[in-house]
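The next block holds one structure in the form of structure tokens; read it before the comments.
The values are calculated or read from the model by the stated rules, or taken from the named source; none is laboratory data. Computed from a predicted structure; not experimentally measured. So basically every Cβ, Gly included, is an ideal-geometry build from the backbone, and we count neighbours across all protein chains shown. We work out accessible area using only protein heavy atoms, side chains counted, and drop any ligands, DNA or RNA first. Shrake-Rupley method; radii C 1.70, N 1.55, O 1.52, S 1.80 Å.
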Amino acid sequence: MDCIFCDIAEKISEAEIIFENEKFLAFLDINPVNYGHTLVIPKKHYDNFLTIPATELEELTRLTQYLSGAIKRALKADGFNVISNNGITAGQSVFHFHFHIIPRFENDFHMRPRTIEYNTSEIESYAEKIKESISKYEGLLNG
Ligand code: AMP
Ligand code: ZN
């Protein structure tokens, strides 16, 4: 499969690696939105947030939490964003699941370029649609 992150995990392509263990890898984004912008990936290929198995996601999330703290301390950042883009429309450009850790500094840039407004019936109808979909999967979450 042609995947740049698999190539980085297999050391076929180079990256500025900041952390590595048997299952996961973290490296600096080559097109960063801020200094220290980091990507955290499973070495195994999964397309996105919906297809990575729960146990690996849990470990990857815990690692992302740990690395976020380390990056924040190292760069004396004021905060950070943890982001996952899923699907072309959402801005995903590499289809190997990853978390972005983006260190943030006071007055650097606005993450939310726009907001929309609901009227009362709209917000209720969106909530209903989503709740109906959630209820179909309740069994899954409750084991
Ligand atoms: P996304 O657009 O959410 O799929 O994120 C993919 C990220 O990977 C982008 O921010 C790219 O700048 C970054 N990227 C693509 N190729 C490389 C590479 N070879 N090394 C490091 N980062 C990369
Ligand atoms: Zn891959």
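Dividing the convex hull volume of the alpha carbon atoms of region 1-76 by its residue count gives 100 Å³ per residue. In the chain, the alpha-carbon atoms span a convex hull of 156 Å³ per residue. The GluC sites (Glu not before Pro) of region 68-143 meeting both criteria, a DSSP state outside H, G, I, E and B (loop) and at most 14 other C-beta atoms within 10 angstrom of the site's C-beta, are 106, 117. Around the Cα centre of region 37-116, unit charges on the Cβ atoms of Lys, Arg, Asp and Glu (plus for the first two, minus for the last two) sum to a dipole of about 160 debye. Legend: calculated FRET efficiency, residue 28 to residue 115, from the Cβ-Cβ distance at R0 = 22 Å, rounded to 0.05, equals 0.10.
Using Cα atoms only, what is the angle between the long axis of helix 120-135 and the major principal axis of the chain, expressed in degrees (0 to 90) to the nearest 10? So the inclination is approximately 70 degrees. Accessible area per residue (1.4 Å probe, heavy atoms of protein chains only) ranks 123, 116 as 116, 123, with the largest value leading. Which entries in 23/76; 72/129; 23/72; 43/131; 11/72 show an alpha-carbon gap greater than 31 Å? Beyond 31 Å: 72/129; 43/131.
Would you mind working out the magnitude of the charge dipole of the chain relative to its Cα centre, with +1 at each Lys and Arg C-beta and -1 at each Asp and Glu C-beta, to the nearest 20 Debye?
My answer is approximately 280 debye.
Modelled spin-label separation between residue 89 and residue 137, with each label point placed 7 Å from Cα along the Cα-to-Cβ direction: 1.6 nm. Spacing of the modelled spin labels on residue 66 and residue 48, each 7 Å from Cα toward Cβ, amounts to 2.9 nm. Stretching the chain fully between residue 57 and residue 2 yields a gain of 17.5 nm (0.36 nm per residue, less the alpha carbon separation). In degrees from 0 to 90, rounded to the nearest 10, what is the angle of the helix 54-75 Cα long axis to the longest principal axis of the chain? So the inclination is approximately 60 degrees.
Counting only protein heavy atoms and a 1.4 Å probe, the chain has 72 square angstrom of accessible area per residue.
Between amide H atoms placed 1.01 Å from N, distances below 5 Å from residue 86 occur with 92, all of them 5 or more places distant or on a separate chain.
Full extension of the chain between residue 13 and residue 122 yields a length gain of 34.5 nm, computed as 0.36 nm times the residue separation minus the alpha carbon distance.
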